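Below: the structure, in structure tokens.
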Amino acid sequence: MPASQGGRTKLSDFTDKLGLLVLFSCNHCPYAKAAWPLVLDLHEKFGGKIAFVAVNPNDEKTYPEDSFEVMKEKVKEWNITFPYLHDEFQVVAKAYKAQCTPDPYLFKNNFGKFKLYYHGRINDNWQEPEKVKEKNLEQAIEALLEGSPASQYQPPSIGCSIKWK
């Protein structure tokens with residue numbers, strides 16, 4: 001898939017990390033907009049050990065703000081330092097069965113093979129970050145890095161539905 005920062009990205013680019021976070025996101029959804037600062041903070045905190053990739057699957061004809069060109073602008077505006085990929089044909093989102101933006105999938109690297117470790121919400125209060133009680137994604141990343149088994153508690157993602165073609 002083409003990255004908004006240039007070049008292309010493939011799974012084998014991340015085999016040197018302990019895990020991989022694949023975040024389905026976009027530019028226009030209020031949930032996704034609220035999640036970007038949180039995810040960028042997580043990247044700053046854990047990016048040395050966990051690879052981060054964001055994927056925008058939305059139909060840009062229906063939602064021009066989610067176009068590849070606007071993605072390139074958002075990379076600069078929001079200072080996104082990890083790949084932000086354009087799923088133009090929505091094949092990746094369909095393969096993952098992604099439902100909304102944001103929709104995080106955290107994988108554990110098991111000798112170059114990535115196994116799903118956590119799929120759920122980022123936290124329990126997307127509108128008021130100061131009132132968050134459960135930092136679900138951050139806790140999952142910490143548990144993965146500690147070598148703990150994946151939690152059975154994985155509350156569903158919260159966000160705008162993916163804008164399918």
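The numbers here are math on the coordinates, done by the rules we state, and not lab data. Here the structure is a predicted model, which is why all the values come from computation and not from measurement. All Cβ positions, glycine included, derive from the backbone under ideal geometry; neighbour counts span all protein chains shown.
Taking the criterion of being in contact with a Gly (Cβ under 6 Å, 6 or more places away or on another chain) and among the polar types (S, T, N, Q), the only residue of region 13-71 that qualifies is THR15.
Within region 29-39, the set of residues being more than 30 Å from PRO149 (Cα to Cα), surrounded by fewer than 21 Cβ atoms within 10 Å (Cβ to Cβ) and touching a residue at least 60 places away in the same chain (Cβ under 8 Å) comprises PRO30 only.
Against the numbered list (1) within 21 Å of GLN139 (Cβ to Cβ); (2) surrounded by fewer than 18 Cβ atoms within 10 Å (Cβ to Cβ), PHE52 comes up short only at (2). Only residues that are closer than 16 Å to GLY7 by Cβ, surrounded by fewer than 20 Cβ atoms within 10 Å (Cβ to Cβ) and among the aliphatic types (A, V, I, L, M) were counted across region 72-96, and they come to 1.
Restricting region 118-162 to residues that are of a type in the set (Ser, Thr, Tyr) and under 14 Å from the mean Cα position of the chain (by Cα) leaves a set whose member that is farthest from PRO30 (Cα to Cα) is TYR118. For region 149-165, what are the residues that are touching an Asp or Glu at 6+ places or on another chain (Cβ under 7 Å) and surrounded by 14 or more Cβ atoms within 10 Å (Cβ to Cβ)? Matches in region 149-165: SER157, GLY159, LYS163.
All conditions in (1) closer than 28 Å to GLU146 by Cβ; (2) surrounded by fewer than 21 Cβ atoms within 10 Å (Cβ to Cβ); (3) under 14 Å from the mean Cα position of the chain (by Cα) hold for ASP16, with the sole exception of (3). Against the criterion of being in contact (Cβ under 8 Å) with a residue 12 or more places away in the chain and on the phi > 0 side of the Ramachandran plot, GLY112 qualifies. When only residues in region 126-146 that are free of Cβ contacts under 8 Å to residues at least 60 places away in the same chain and hydrophobic (A, V, I, L, M, F, W, C) count, which is farthest from PHE46 (Cα to Cα)? This residue is VAL132.
Name the one entry in GLU69, GLU65 that is more than 14 Å from the chain's Cα centre (by Cα), without any contact (Cβ under 8 Å) to a residue 60 or more places away in the chain and either surrounded by 15 or more Cβ atoms within 10 Å (Cβ to Cβ) or within 21 Å of TRP126 (Cβ to Cβ) (or both). Steps first, answer last, please.
Details: GLU69 fails: either surrounded by 15 or more Cβ atoms within 10 Å (Cβ to Cβ) or within 21 Å of TRP126 (Cβ to Cβ) (or both).
Step by step, each of GLU69, GLU65 is checked, and only GLU65 is more than 14 Å from the chain's Cα centre (by Cα), without any contact (Cβ under 8 Å) to a residue 60 or more places away in the chain and either surrounded by 15 or more Cβ atoms within 10 Å (Cβ to Cβ) or within 21 Å of TRP126 (Cβ to Cβ) (or both).
Checking the conditions here, which among GLU134, GLU146, GLU138, GLU142 is surrounded by fewer than 11 Cβ atoms within 10 Å (Cβ to Cβ) and of a type outside the set (Ser, Thr, Tyr)? Before you say what the answer is, go through the steps one by one.
Numbers: GLU134 fails: surrounded by fewer than 11 Cβ atoms within 10 Å (Cβ to Cβ); GLU138 fails: surrounded by fewer than 11 Cβ atoms within 10 Å (Cβ to Cβ); GLU142 fails: surrounded by fewer than 11 Cβ atoms within 10 Å (Cβ to Cβ).
Checking each option against the conditions leaves just GLU146.
Here LEU21 meets the list (1) of a type outside the set (D, E, K, R); (2) surrounded by fewer than 20 Cβ atoms within 10 Å (Cβ to Cβ); (3) closer than 17 Å to PRO104 by Cβ almost entirely, failing just condition (2).
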